[in-house]
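**Student:** Before we start, here is the structure in question, set down as structure tokens.
The values are calculated or read from the model by the stated rules, or taken from the named source; none is laboratory data. Keep in mind that this is a model prediction, so the values were computed, not measured. Glycine also receives a Cβ, built like all others from the backbone with ideal geometry; neighbour counts cover every protein chain displayed. Remember, those area values only see protein heavy atoms, side chains included, never the ligands or the DNA or RNA. Shrake-Rupley method; radii C 1.70, N 1.55, O 1.52, S 1.80 Å.
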Amino acid sequence: MYYISENKTDLENYNQLVNIGEKYNGTTNKWGEVVKHFELELYAIIINEKYTSNLEVIENLNGWYDTETTK
């Protein structure tokens, strides 16, 4: 499950919330990466079940990657 938003900052803030809550720090110890849809102005980040948000939820990122450039 992923949170999605048209505003990348919303997802960066969620990532920071999880990082602080889980006491992650540094560049290699973080919750996740914000992923941009290859065509649309949409961003996504994987959900941590311990931290909720009012952001929209999707099941998976099927169709988020350009199949021509990810082969």
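**Student:** Return the residues of the stretch 8-35 that are open to solvent by 50 Å² or more (accessible area, probe 1.4 Å) and either of a type in the set (Asp, Glu) or within 16 Å of residue 64 (Cα to Cα) (or both); say none if nothing qualifies. Before you say what the answer is, go through the steps one by one.
**Tutor:** Step one: list which residues in the stretch 8-35 are open to solvent by 50 Å² or more (accessible area, probe 1.4 Å), which gives 8-10, 12-13, 16-17, 20, 22-31, 33.
Matches in the stretch 8-35: 8, 10, 12, 22, 33.
**Student:** If residue 51 meets every condition in (1) open to solvent by 60 Å² or more (accessible area, probe 1.4 Å); (2) more than 10 Å from the chain's Cα centre (by Cα) apart from one, which number is that one?
**Tutor:** It is condition (1) that residue 51 fails.
**Student:** Let me spell it out: the conditions are (1) open to solvent by less than 40 Å² (accessible area, probe 1.4 Å); (2) without any contact (Cβ under 8 Å) to a residue 24 or more places away in the chain, and residue 67 meets all of them except one. Which number is the exception?
**Tutor:** Failed condition: (1).
**Student:** Given (1) among the polar types (S, T, N, Q); (2) modelled with pLDDT of 95 or more; (3) assigned to a loop (DSSP other than H, G, I, E, B), identify the lone condition not met by residue 27.
**Tutor:** Condition not satisfied by residue 27: (2).
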